[in-house]
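One structure is given below, encoded as structure tokens.
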Amino acid sequence: MSSFSLSRVRSAALSTCACALALALALGCAGCSTAPPEPKKPTNARAATTVVKSGGISVSLRCDPSVTRPGGSFSLTLVVRNLSGRPFSWTSPSGQTYEFLAFDKGGSEAWRWSRGMAFIQIVTQVTIAPSESKVYKVAWNTAGTAAGLYTIQGYFLGLASLRPSVSVEITP
């Protein structure tokens, strides 16, 4: 086999392995979930906010409003902030870098922001400089969702252990 053919075979094999690794990581993380805390009646109907911190990183979740009627929307904002004095990097298993989930009172998933979406299957490196932030905003339209209490979680796939959550209510 010529060196040209051998290099093409190696290149194809490496490309295939990289794609398989990215897919395995993405599928492994897509199925993993941390049990959400039991939702509680929101104390402030205007907004709910929570922050979790670890290792110089702060991840906050804001939901505005925290109470709506069926068919209403919740505006969700997820912010990761580098509180350390050095650049912070993490790896996301695909082109999807963040996720939002809503769970009903029984802990069953009621909504997932990424449901029905497709993301490039490539490992993505994300870096935040000292004192900088990454901000992501989405909306959850509750049409077709039953009235009740829900827990919303937001997180970055490369930082899945830092999952802030807020309680919201859909009133009848």
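The values are calculated or read from the model by the stated rules, or taken from the named source; none is laboratory data. Here the structure is a predicted model, which means the values were calculated and not measured. A quick note on method: Cβ atoms are made from the backbone with ideal geometry, for glycine too, and the neighbour counts reach across all protein chains shown.
Table for the structure above
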read-out: Sole exception among (1) closer than 19 Å to residue 75 by Cβ; (2) surrounded by fewer than 15 Cβ atoms within 10 Å (Cβ to Cβ) for residue 118, by number; value: (1)
read-out: Residue match in region 129-139 (condition: more than 19 Å from residue 45 (Cα to Cα), of a type in the set (Gly, Ala, Ser) and touching a Phe, Trp or Tyr at 6+ places or on another chain (Cβ under 7 Å)); value: no
read-out: Close pairs from region 117-135: first in a loop (DSSP other than H, G, I, E, B) and of a type in the set (Asp, Glu), partner surrounded by 10 or more Cβ atoms within 10 Å (Cβ to Cβ) and modelled with pLDDT of 90 or more, Cβ under 6 Å, at least 6 apart; value: 132/82
read-out: Test for residue 99: is it of a type in the set (Asp, Glu) and within 17 Å of residue 167 (Cα to Cα); value: yes
read-out: Breaking point among (1) within 16 Å of the chain's Cα centre (by Cα); (2) of a type outside the set (Asp, Glu); (3) modelled with pLDDT under 95; (4) surrounded by 13 or more Cβ atoms within 10 Å (Cβ to Cβ), for residue 59; value: (3)
read-out: Residues of region 91-113 classified as aromatic (Phe, Trp, Tyr) and either surrounded by fewer than 18 Cβ atoms within 10 Å (Cβ to Cβ) or outside any strand (DSSP E or B) (or both), total; value: 1
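The rows are residues; the columns are (1) outside any helix (DSSP H, G or I); (2) modelled with pLDDT under 95; (3) within 16 Å of residue 151 (Cα to Cα); (4) of a type in the set (Gly, Ala, Ser).
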residue: 4; (1), (2), (3), (4): no, yes, no, no
residue: 14; (1), (2), (3), (4): no, yes, no, no
residue: 23; (1), (2), (3), (4): no, yes, no, no
residue: 74; (1), (2), (3), (4): yes, no, yes, no
residue: 77; (1), (2), (3), (4): yes, no, yes, no
residue: 85; (1), (2), (3), (4): yes, yes, no, yes
